[in-house]
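Read the structure below first, then the notes.
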Amino acid sequence: RVNILMLGKGGPGHEAPDLTDTILLASIDPVQNEAALLSVPRDTYVEDSNGNEMKINAIYSSAKQKKLSQVGDSDADRQSAEDVGLKAIKETVSEILGVPVHYYVMVDFTAFKESIDTVGGITIDVKEPLYDASMAWLNGGSSLLADKGLQTFNGNRALMYSRSRYGSSRGDFDRTERQREVILALQQKVLSVGTFANPFKVVELV
């Protein structure tokens with residue numbers, strides 16, 4: 001199997017930009033041509049390499065910031081700190097799930113939205129209306145983030161759909177379900193003829 005760690009963070013301009021609030025493992029069986037997506041709840045308590053307990057979404061940020069405090073501010077120093085943070089979260093996920101992590105991908109909010117807009121949006125069959133008053137300010141003042149039924153989301157709507165924690169009875173667990181929905185919808189759109197056969201879209205997406 002090939003295991004790919006998928007991480008999502010807020011990025012520049014957001015509060016706590018390096019917290020990895022989205023942590024998923026894609027496990028691919030290249031022989032059977034099958035794949036599974038497993039979400040790791042962001043509030044899972046773990047120990048870092050020094051034995052300090054913290055939520056798993058802070059492992060990458062904590063290790064990165066600690067390294068930055070020990071080095072300078074050059075591009076090489078920042079890359080070194082990035083590598084340390086990624087190594088920490090990969091090792092932590094590997095330990096709690098009991099499987100190796102072979103590859104990773106890290107995206108922030110901007111990359112997430114742009115990837116979906118690049119392929120012309122994604123189609124999601126929303127099972128029940130999603131209301132979240134805490135995100136109304138991102139949605140033109142409306143607390144209705146997604147109505148029930150089959151619909152196309154642009155990058156911004158897909159991001160709100162993926163980020164909402166307070167609009168569902170199971171909170172973060174429902175959010176991780178929606179995140180998997182979005183990833184599968186993006187996969188289907190990327191592999192569609194309209195995207196995959198268009199070299200310009202493929203290059204832009206990469």
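The values are calculated or read from the model by the stated rules, or taken from the named source; none is laboratory data. Computed from a prediction, not measured in an experiment: that's the story for all the values here. Backbone-built Cβ (ideal geometry, glycine too); neighbour counts: all protein chains shown. Side chains are part of the model used for accessible areas, which takes the heavy atoms of the whole protein and leaves out ligands, DNA and RNA. Shrake-Rupley method; radii C 1.70, N 1.55, O 1.52, S 1.80 Å.
Tabulated results
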read-out: Number of the condition not met by Val107 [criteria: (1) at pLDDT 90 or above; (2) more than 30 Å from Ser49 (Cβ to Cβ); (3) open to solvent by 40 Å² or more (accessible area, probe 1.4 Å)]; value: (2)
read-out: Looking only at region 154-174, and only at residues there that are basic (Lys, Arg) and over 19 Å from Ala111 (Cβ atoms), the one that is modelled with the lowest pLDDT; value: Arg170
read-out: Residue match in region 90-110 (condition: among the small types (Gly, Ala, Ser), assigned to a helix (DSSP H, G or I) and either closer than 22 Å to Ala16 by Cβ or more than 19 Å from the chain's Cα centre (by Cα) (or both)); value: no
read-out: Residues of region 66-96 satisfying the condition of being within 24 Å of Leu25 (Cα to Cα) and open to solvent by 60 Å² or more (accessible area, probe 1.4 Å); value: Gln79, Asp83, Lys87, Lys90, Glu91, Glu95, Ile96
read-out: Residue list for region 19-33, restricted to those being charged (D, E, K, R) and under 21 Å from the mean Cα position of the chain (by Cα); value: Asp21
read-out: Flag if Glu47 is of a type in the set (Asp, Glu) and open to solvent by 40 Å² or more (accessible area, probe 1.4 Å); value: yes
read-out: Counted residues, region 6-18 - those being free of Cβ contacts under 8 Å to residues at least 12 places away in the same chain and under 15 Å from the mean Cα position of the chain (by Cα); value: 0
read-out: Residue among Asn3, Asn57 that alone is open to solvent by less than 50 Å² (accessible area, probe 1.4 Å), under 18 Å from the mean Cα position of the chain (by Cα) and free of Cβ contacts under 8 Å to residues at least 40 places away in the same chain; value: Asn57
